[in-house]
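Here the structure comes first, spelled out in structure tokens, and everything after it is commentary.
No value in this document is a laboratory result; all are computed from the given coordinates. From a predicted model like this one, the values you see are computed outputs, not experimental measurements. Virtual Cβ from ideal backbone geometry, glycine too; neighbours counted across all protein chains shown.
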Amino acid sequence: MRSFFRENFNMLKNGRGFFRFELLYKLAGIAVMAPTLLVLLNGSLRLSGLAYLTNDNIFRYLRHPAGILFVLCAVAAVSFNLLVELSALAFYFYAKQQGRLLTARQIFVAGMKVSMGLFHPKNMPMAFFLVLVVPLTSLPLILMYLFTIRVPEFITRYIRGNTPLMAAAVALLAILLVLSLWLLFCVQYFTLEGKSFGEACRASIRLNRGRAMRTAVWLFCWQAMVLGGLLLAYLLFLGAALLISKIFIPGTGAMEVFLSVFQWLNLLALLVGFCVGVPAVATAAGGLYFQLKKEKKEKLAPLKKLDLPRGRAMDARLKWGTMSVLAALAVMNAGYIWPSMDRGTLGVIEGMQKPRITAHRGNSEDAPENTMAAFQSALDAGADMVELDVQQLGDGSLIIMHDSNFQRTTGIDLNVWEADAGMAAEMDAGSWFSEEFAGEPVPTLEEAIVFAKRNGLRLNIELKSSGHESSLAESVVNMIEKYRFEDQCVLTSLQYSLLEQVKELNPDLMTGYILSVAYGPFYSMEAADMFSIRSDFVTPSMVRAIHDNGKRIMVWTVNDEDRMEQMREWRVDNIITNNTLLARSIVDEPNTNSALLLAFEEFFTGDSFSTSAKRFWKAAFRP
């Protein structure tokens, strides 16, 4: 094994071309292939007469010609992308064995030229091999799937209750795992010796004969070492974030800041795991291929002539050009991924999206409702969205206030339509809640939009009609357009006529109809893109019907833990709650280690650093 590890490290030594290729290829793949597949998916959905994929209609989609065509295109695109990378790396490692260092450009050209053979009729089965079997050889990818992909409960329950089906699923997985091991060297034979897919499979089995168990152990050990290095780096960053938050951030804000960093650190770890999955396998497969060839005294086939571009030293001009390409690809990735995460681009697939959390009137359990303090508290607590109530004053100004009278929250007995902006600005909307918030003003809609836009927060703007306003919908739409806030908000109302006005003014704005009672086929109302429904009336069939009609569903006001879990299982799109922290923990629970969260809480509640460390240690490692 020592010689195997030494050989692998030698293949990576002086590997600037290898690392540049991997960085460029991964960035380009995400920037180009991911959005292309999403465009094709959305187009196929429209052609199949669907707007949303759910557990109930996915088989209908897959039986439609548009769905079948998309699946075939997706398999072809993913398999070709994977084959280019694997072939390029196999070619690079072979050249390195011959004492030749290739540039990133040469590696890419070699991978592209070899991979074109995938489209030969006799090699087409290789596409399904690459998609279904090859990922099972990658330990980082397997762990990423286990930690991020949660199989819907109804599927696992059905499989557990059906013994023959469970046995068949286990047998299929075992067969695929064995195939992934025996066919480990298919890409090497396909790339380096020009064999067809069938010939490559037979050659890989012959090379593995008598060495299969050792191959499995060495492959596992190499990838375990790679993962160990990544885990060590992750723990160092995590520890640094813990210490900095504890030492430099006072009060309860320390844990809030740390949990935000923790979330992004986990996302970064998943991305790194995804990026190193294929190279880790390719390096191990290359090393094992050369080792077994040597042991069985098989000569390496002469490398095919691929007419690669001439390599040249990286002068200053080429260096700056490469850096510019990297920067452009990084910007493209950020410009695509960030808005997609915020706007739910992947939301057409129900199983891939968890409910968003909306703080009802801000984080109204910890701060006075419908105030900037409540909105800041909601942001700190991890809310995706804030629900607020907008009314129009007598002078046409837009303020945030739930009641039609100021009495309850400001102590002033005055109707909203009888006040003007100057009078509202002098009111105290925080003292009724606690002395801590004394002097908290009544905010305007403009202030809320500026705050939300600055912090990337979405708003659920409920239009509250008192019957005395003259241009509520028009004024709100104008304010949203002024700040180009269209993609960060949804306008909701109890009055359907207000939503119709909004759609007339700006058809692209998302709207939601608030329903206290819901019964009958209300799903096709044209002026409503979403339905905000009281949780008592929500049923799984209602959620499915709304999704089947291309709409979304918000549920209010959910403060009970069991009800939150139920809404999560039913796949509602949005949970409106007064308890943002509880909702956040419930929604994230399938992907969150509760023991670890308890350990973090113990760490941040300690009176001193040593006490905190002891608390953390006991909480993290208690039996």
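Out of residues 5 or more away from ARG534 or on other chains, whose amide H comes under 5 Å of its own, with H placed 1.01 Å from N in the peptide plane?
The answer is LEU515, TRP556.
Assuming R0 = 25 Å, can you tell me the calculated FRET efficiency for the pair ALA425 and SER471, based on Cβ-Cβ distance, to the nearest 0.05?
Values: r = 21 Å, r/R0 = 0.84.
Computed FRET efficiency for ALA425 and SER471: 0.75.
The range 473-508: which trypsin sites (Lys or Arg not before Pro) are DSSP loop and have at most 12 other beta-carbon atoms within 10 angstrom? Can you show the working numbers first?
On the way: sites: LYS482, ARG484, LYS503; in loops: ARG484.
Listed in order of number, the matching sites are ARG484.
Would you please give the FRET efficiency between LEU494 and LEU12, computed as 1/(1 + (r/R0)^6) with r the Cβ-Cβ distance and R0 = 60 Å, to the nearest 0.05? Before the final figure, lay out the partial values.
Details: r = 63 Å, r/R0 = 1.06.
For LEU494 and LEU12, the calculated efficiency is 0.40.
When the chain is fully extended, how far beyond the present Cα-Cα distance does TYR483 get from GLU295, taking 0.36 nm per residue of separation? Present the calculation step by step, with values, prior to reporting the outcome.
Values: separation 188, 0.36 × 188 = 67.68 nm, distance 6.91 nm.
That works out to 60.8 nm of additional length.
Checking the a/c ratio against 1.5 first, then a/b against b/c, what shape does the Cα gyration tensor give for the range 445-551?
Values: a/c = 1.97, a/b = 1.58, b/c = 1.25.
Prolate, since a/c reaches 1.5 and a/b exceeds b/c.
Relative to the present Cα-Cα distance, how much length would full extension add between TRP264 and LEU176 at 0.36 nm per residue of separation? Spell out each step's value before the answer.
Working: separation 88, 0.36 × 88 = 31.68 nm, distance 3.35 nm.
Full-extension gain reported as 28.3 nm.
Mind checking the full-extension length gain between PHE5 and LEU143? Use 0.36 nm per residue of separation minus the Cα-Cα distance, one decimal, nm. Provide the component values of the computation, followed by the final result.
On the way: separation 138, 0.36 × 138 = 49.68 nm, distance 2.24 nm.
Additional length available on full extension: 47.4 nm.
How do 207-218, 128-139 rank on mean C-beta neighbours within 10 Å, highest first?
Details: 207-218: 15.6, 128-139: 19.3.
Final packing ranking: 128-139, 207-218.
For ARG552, what residues show an amide H to amide H distance below 5 Å, using hydrogens built from the backbone and excluding near sequence neighbours?
Under 5 Å from the amide H of ARG552 lie the amide H atoms of MET530, PHE531, each far enough along the sequence or on another chain.
Which shape class applies to the range 1-119: rounded if a/c is under 1.5, otherwise prolate when a/b exceeds b/c and oblate if not, where a ≥ b ≥ c are the square roots of the Cα gyration tensor eigenvalues?
prolate
Under a point spin-label approximation (7 Å from Cα along Cα-to-Cβ), what is the MET116-PHE248 distance to one decimal in nm?
Output for this residue pair reads 5.4 nm.
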